[in-house]
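Here is the structure we will look at, set down as structure tokens.
Since every read-out is calculated from the coordinates, none of them should be taken as a lab result. It should be emphasised that the depicted structure is a prediction, and the values quoted were computed from it without experimental measurement. All Cβ positions, glycine included, derive from the backbone under ideal geometry; neighbour counts span all protein chains shown.
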Amino acid sequence: MDQAEQLRNIIKATSQPRRPLARVITVTSGKGGVGKSNMAINLAIQFRKMGQRVIILDADFGLANIEIMFGTVPKHNLCDLIYQGKSIQDIITWGPMEVGFISGGSGIAGMSNLSKDYLNYIIRNLVELDEMADIIIVDTGAGISDAVLEFLVASSEILLVTTPEPTSITDSYSLLKALNRHPRYSAEATQVKVIANKVFGESEAESLYSKLETVVGRYLKMPITYLGMIPQDNQLAKSVMQQTPVSIDNPRARSSAAFETVAAKLMNKELNKNLTKRGMAAFFSHIISKK
């Protein structure tokens with residue numbers, strides 16, 4: 001029995017009839033500095049305002065953007081669950097408005113070599129996340145590393161954050177190209193939604209998306225959709241400096257209103273009727289097995 005089959009059996013064994021599955025949303029970008037982590041945090045806050053239970057997984061292993069923006073330092077991370085026997089409750093840090101936060105640590109790459117007992121333990125803990133959260137936001141690293149691609153191919157819902165900078169658009173295309181070429185990427189099972197960040201208005205955002213969609217459609221034949229935009233906003237920059245999400249610090253700011261609009265679209269049942277919920281255990285089993 002290979003590892004992929006072992007994981008499927010473990011998930012099946014830990015599943016119960018009608019067990020709720022969390023919605024896993026993966027936020028990514030082709031380059032750093034485009035506001036990806038800010039996007040993850042403020043969407044989480046907006047989801048909380050809508051009554052959703054939210055946990056953020058900071059999968060940007062080289063940096064600690066989420067904890068810096070939250071102004072919190074987690075005592076434990078995902079690696080402590082994997083290698084130190086900590087429980088899922090032990091590794092969750094609770095931030096503003098009771099948004100949960102899990103630091104990814106830096107040892108997930110070694111998970112593919114774990115024993116069956118270890119895998120059983122991890123999956124059983126991850127299943128608990130499906131009961132603790134309605135939405136889990138995965139904040140990946142920026143760029144086209146193998147680690148980022150592993151998270152993306154495991155995702156059924158990807159939010160691609162880009163800006164009007166030519167390098168951001170080019171890097172976003174390069175990321176989509178790498179994803180499209182990945183042997184385990186499924187266009188039918190994956191929704192890629194583009195968010196234009198740091199724009200001066202809707203017209204600039206739509207122009208940005210049109211440029212990206214044209215080249216993606218011509219060369220990749222890959223489906224992407226436009227989700228919305230976040231405007232340039234001095235209040236957002238001020239909130240970042242104060243380590244407080246702008247959606248809390250200044251709910252009437254232009255950027256806060258835009259985050260609310262994007263979150264509302266993501267919660268619109270009609271717009272998301274074809275979305276498949278996989279849950280966190282299945283999400284991670286996809287990464288671990290690499291089959």
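Distant-in-sequence amide contacts of E157, defined by a placed amide H-H separation under 5 Å and a gap of 5 or more residues or a different chain, comprise T26, Q191. The antiparallel fraction among DSSP beta bridges confined to the chain stands at about 5%. Annotation: aspartates and glutamates with alpha-carbon distance below 15 angstrom to K265 (same-chain offsets under eight excluded): E157. For the chain, the longest principal axis of the alpha carbon atoms and the long axis of helix 254-267 meet at an angle near 50°. Evaluated with a Cβ-only charge set (Lys, Arg +1; Asp, Glu -1), the chain carries a dipole of roughly 620 debye about its Cα centre, given to the nearest 20.
Between the range 26-48 and the range 228-291, the alpha-carbon centres lie 6 Å apart.
Loop-located chymotrypsin sites (Phe, Trp or Tyr not before Pro) in the range 198-228 (DSSP state other than H, G, I, E, B) with a sparse environment of at most 16 neighbouring Cβ atoms within 10 Å: F200. Charge dipole of the range 129-249 (Cα centre as origin; +1 on each Lys and Arg Cβ, -1 on each Asp and Glu Cβ, all else neutral): 560 debye, rounded to the nearest 20. Peptides 129-141, 247-259 ranked from most to least packed give 129-141, 247-259, packing being the mean of other C-beta atoms within 10 angstrom over each peptide's residues.
Relative to a virtual label point 7 Å from the Cα of E202 in the Cα→beta-carbon direction, which members of the range 154-169 show backbone nitrogen distances below 20 Å? Residues 162-164 fall inside that zone. For the residue pairs K193/K238; K31/K238; K31/K193; K221/K277; K177/K221, alpha carbon separations beyond 19 Å are given by K193/K238; K31/K238; K221/K277.
Rounded to the nearest 10 degrees, the inclination of helix 36-49 to the longest alpha-carbon principal axis of the chain is 80 degrees. Segment R184..Q242, full-extension length gain: 16.8 nm, with 0.36 nm per residue of separation and the alpha-carbon distance subtracted. Farthest towards the positive end of the charge dipole of the range 3-289, among the residues N234, N268, L126, is the Cα of N268, using unit charges on the Cβ of Lys, Arg, Asp and Glu. Loop-located GluC sites (Glu not before Pro) across the range 185-239 with a Cβ neighbour count of 13 or fewer within 10 Å are E188, with loop assigned by DSSP. In the chain, the DSSP-assigned H stretches of four residues or longer account for a calculated mean residue ellipticity at 222 nm of -14000 deg cm²/dmol, using -39500 (n - 2.57) per stretch and the full residue count as denominator.
Subtracting the Cα-Cα distance of W94 and Q232 from their residue separation scaled by 0.36 nm leaves 46.8 nm. How high is the FRET efficiency from T72 to D146, r the C-beta distance, R0 25 Å, rounded to 0.05? Computed FRET efficiency for T72 and D146: 0.30.
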